Amino acid sequence: QVQLVESGGGLVQAGGSLRLSCAASGRTFSSYAMGWFRQAPGKEREFVAAIRWSGDITTYADSVKGRFTISRDNAKNTVYLQIYNLTPEDTAVYFCAARVGYPKNLAYEYDYWGQGTQVTVSS
């Protein structure tokens, strides 16, 4: 069992940056692939980025490549999402998720979810 808690969201101006964190409980964090998803009002949850347990393999949605960076620190049981050059279209609740095995880009393939952190970007 893994429990996930996101933090780092907030209200920022367009062009700004944020670093989201997702702290995990449990001794086996390092064995999980981790993903970030987001959900804007009235829209479905969409994949943002994912990272392998070892941190050596990452994958991103085309819409965020070059602006988002996922990373993890297994010693701290934490995964991060660094976001640069925010736009109003990035406004959403951001969720982290965990799964055993390879990182995936489909929400239903993740077993554990956090409650989310709100990111609001003003123009």
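Within the full protein context, the accessible area of Leu11 is estimated at about 130 Å² for a probe radius of 1.4 Å. Under the simplified labelling scheme, the Leu11-Ser63 pair shows an inter-label distance of 2.4 nm, with each label point 7 Å from Cα along Cα→Cβ. Only Cα pairs under 8 Å and 6+ residues apart enter the sum, and on that basis the relative contact order of the chain stands at 37 percent. Taken one residue at a time, the phi angles of the range 49-61 give Karplus couplings (6.51, -1.76, 1.60, θ = phi - 60°) of 7, 8, 9, 5, 4, 7, x, 8, 10, 10, 9, 9, 5 Hz. Gly and Pro are set to x.
Computed from backbone phi, the HN-Hα couplings of the range 113-123 come to 9, x, 7, x, 9, 7, 10, 10, 10, 9, 8 Hz, rounded to whole numbers (Karplus: 6.51 cos²θ - 1.76 cosθ + 1.60, θ = phi - 60°; Gly and Pro given as x). For a straight C-alpha distance cut-off of 20 angstrom, the aspartates and glutamates reachable from Lys43 (same-chain residues fewer than eight places away being disregarded) are Asp62, Glu89, Asp90, Glu109. Roughly how many percent of the accessible protein surface of the chain is carbon and sulfur, given a 1.4 Å probe and a whole-percent answer? It is 47 percent, rounded to a whole number. If you take all C-alpha pairs in the range 1-43, what percent of them are over 14 Å apart? Looking at the range 1-43, the distances longer than 14 Å represent 62 percent of pairs.
Per residue, the chain exposes an accessible area of 52 Å² to a 1.4 Å probe, with every protein chain left in place. Computed with the Debye formula from one identical point scatterer per Cα of the chain, without solvent, the log10 of I(q)/I(0) at q = 0.12, 0.18 Å⁻¹ comes to -0.37, -0.85. So which lysines pass the test for Lys76, namely a Cα distance under 25 Å, with those fewer than 8 places away in the same chain ruled out? Correct list for Lys76: Lys104. Extending 7 Å from Cα along the Cβ direction at Gln1 and again at Ser25 yields two label points whose distance is 0.8 nm.
Remark: the range 25-42, residue by residue, has Karplus-estimated 3J(HN,Hα) of 9, x, 7, 9, 3, 5, 8, 9, 6, 10, x, 10, 10, 9, 9, 8, x, x Hz, where x stands for each Gly or Pro and the curve is 6.51 cos²θ - 1.76 cosθ + 1.60 at θ = phi - 60°.
Loop-located trypsin sites (Lys or Arg not before Pro) in the range 27-110 (DSSP state other than H, G, I, E, B) with a sparse environment of at most 13 neighbouring Cβ atoms within 10 Å: Arg27, Lys43, Lys65, Lys76. Charges were assigned to the Cβ only: +1 to each Lys and Arg, -1 to each Asp and Glu. The resulting dipole of the chain about its Cα centre is roughly 220 debye.
Taking a point 7 angstrom from the Cα of Glu109 along the C-beta vector, which residues in the range 62-85 have backbone N less than 16 Å away? Correct set: 62.
The values are calculated or read from the model by the stated rules, or taken from the named source; none is laboratory data. Quick caveat: nothing in here was measured; it's all calculated off a predicted structure. Heads up, the Cβs are rebuilt from the backbone with ideal geometry, glycines too, and the neighbour counts pull from every protein chain shown. In case anyone asks, the SASA skips ligands and DNA or RNA and just uses the protein heavy atoms, side chains included. Shrake-Rupley method; radii C 1.70, N 1.55, O 1.52, S 1.80 Å.
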